[in-house]
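Below you'll find the structure, written out as structure tokens, and then a few comments.
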Amino acid sequence: MLDGKKSLFSGMQATGTLTLGNYLGALKNWVDFEEEYETFYCVVDMHSITVRQDPAELRKRARSLLTLYIAAGLNPEKNCIYYQSHVSAHAELSWILNCFTYMGELNRMTQFKDKAAKHTDNINAGLYTYPVLMAADILLFQSDIVPVGFDQKQHLEITRDIAERFNSVYGDVFTIPDPYIGKQGAKIMSLQEPEKKMSKSDENPNASIFLMDDTDTIIRKFKRAVTDSESEIRYSEDKPGISNLIDVYGITTGKSVAETEKEFASSGYGDFKLAVGESVANMLKPIQDKYAELQKDKDYIDNIIKVNADKANYYATKTLRKVQKKVGFPERIR
Ligand code: ATP
Ligand code: LTN
């Protein structure tokens, strides 16, 4: 809770280009909360450098992601959209929370294990303590809920554990956050290996739909999507490719699994894939148009960056000062 209002935090890394998975699993859900919650949507550029980045490219991607948050429907006057690196309290709280996190807990994080396996030449300490910085992000804003895709569930659990541990020593300092994982779209699968989640760092460009892909590319990628050797459009565990397409179609059109199965009962995979591609392209087109328009308005975006960083700083510093006092850091003399 923040000033008597429920609070929400979420973020995305400014690495790669957003995929349909990022959109349907997270971003699409974000727009529903602005009335009921004090919301904070962060571009987590500090998390991005756990993997080596080209500086100019990172700066560009961070701005592009922030612009995309707005293009996807977040009103920057109602939602606090900002860069993590503009609010130093993230790093400061992260240090304190490091001292309340066990190595045994971090050793169990599957994202760390996956990324360490992928970047064997750079298994740095930041990659290891990544979840602690994420806990700091969330706890700084006394967040009640955190809307994310299914893969972030484990990070939410460690955040809760760290917060509860801290509270048990110092009293009720942090709100204990709940993950908000949508019923549909929480795990969109790769179009090429449907047993794997769609990921922006996938090396095969046909595996992911990117939010900026044009209509022809989207339709082509869906046409090439790996399915199975049957011909029936039916949701089933042993048909991961088709089930994933049914999920995607369902979210983009609002149709249930049963409705989709019925609609395509007498169609082949080709027709179904075309319908899925068209529905996704239609959903993304207005976002792409808005993005192009926003990109032209440098002053507007610059102003959002400035105003929202100030707002985020205000709330974050409030929590940080409370924490610093609790752990015994000397008072500031004004
Ligand atoms: P990377 O592959 O670089 O690790 P990613 O595509 O997994 O990136 P993140 O930046 O880690 O993306 O995730 C941003 C948000 O999107 C998170 O809330 C995450 O849970 C969600 N998300 C990522 N991939 C999917 C997916 N395939 N389906 C649903 N949600 C997803
Ligand atoms: N680890 C997240 C990104 C992230 C995040 C957060 C999400 C960093 N800090 C706080 C929600 C709340 C990911 O999507 N890979």
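The values are calculated or read from the model by the stated rules, or taken from the named source; none is laboratory data. What you are looking at is a predicted structure, and each value in this text was computed from that prediction instead of being measured. Virtual Cβ from ideal backbone geometry, glycine too; neighbours counted across all protein chains shown. Calculation scope for accessible area: heavy atoms of the full protein, side chains included, ligands and nucleic acids excluded. Shrake-Rupley method; radii C 1.70, N 1.55, O 1.52, S 1.80 Å.
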Taking 22 Å as R0, compute the FRET efficiency from the Cβ-Cβ separation of GLU105 and ASN167 and round it to 0.05. 0.85
Evaluate the charge dipole of the stretch 18-156 about its Cα centre and quote only its size in Debye, nearest 20, assuming +1 on the Cβ of each Lys and Arg and -1 on the Cβ of each Asp and Glu. 600 debye
Counting only Cα atoms, I'd like the Rg/Rh figure for the stretch 207-318, Kirkwood definition for Rh. 1.19
In the P(r) worked out for the stretch 217-271, what percent of Cα pairs fall beyond 18 Å? 26 percent
Can you give the angle from 0 to 90° between the axis of helix 89-98 and the longest principal axis of the chain, with both taken from C-alpha atoms, to the nearest 10? 80 degrees
In nanometres, what is the gap between the two model label sites at SER256 and ILE176, each 7 Å from Cα along Cα-to-Cβ? 3.5 nm
GLU293-GLN154 pseudo-label distance in nm [points 7 Å out on the Cα-to-Cβ vector]: 4.2 nm
Suppose R0 equals 25 Å; then what is the FRET efficiency for ARG220 and GLU195 from their Cβ-Cβ distance, rounded to the nearest 0.05? 0.65
Past 28 Å, Cα to Cα: identify those pairs from LYS183/LYS223; LYS118/LYS306; LYS28/LYS273; LYS5/LYS187; LYS239/LYS262; LYS28/LYS115, in the order given. LYS118/LYS306; LYS5/LYS187
Per residue solvent-accessible surface (Å²) - the chain, probe of 1.4 Å: 48 Å²
Tell me, what does the Kirkwood hydrodynamic radius of the stretch 24-161 come to in angstroms if you use every pair of distinct C-alpha atoms? 16.0 Å
Selected from TYR128, TYR41, TYR83 as most flexible by GNM, with the chain as the system and alpha-carbon contacts under 10 Å: TYR128
Describe numerically, in nm with one decimal, the distance between label points set 7 Å from Cα along Cα→Cβ at VAL327 and at GLU263. 5.2 nm
Taking the Cα centre of the chain as origin and charging only Cβ (+1 Lys, Arg; -1 Asp, Glu), how large is the dipole, in debye to the nearest 20? 960 debye
Helix axis angle, 55-71 relative to the chain longest principal axis, alpha carbon, degrees: 70 degrees
Report, to the nearest 10°, how far helix 153-170 tilts away from the longest principal axis of the Cα atoms in the chain, using its own Cα long axis and a range of 0 to 90°. 20 degrees
Distant-in-sequence amide H partners of SER7 (H built 1.01 Å from N, under 5 Å): LEU2, GLU38, ASP144, ILE145
Quick one, can you get me the convex hull of the C-alpha atoms of the chain expressed as volume per residue in Å³? 151 Å³
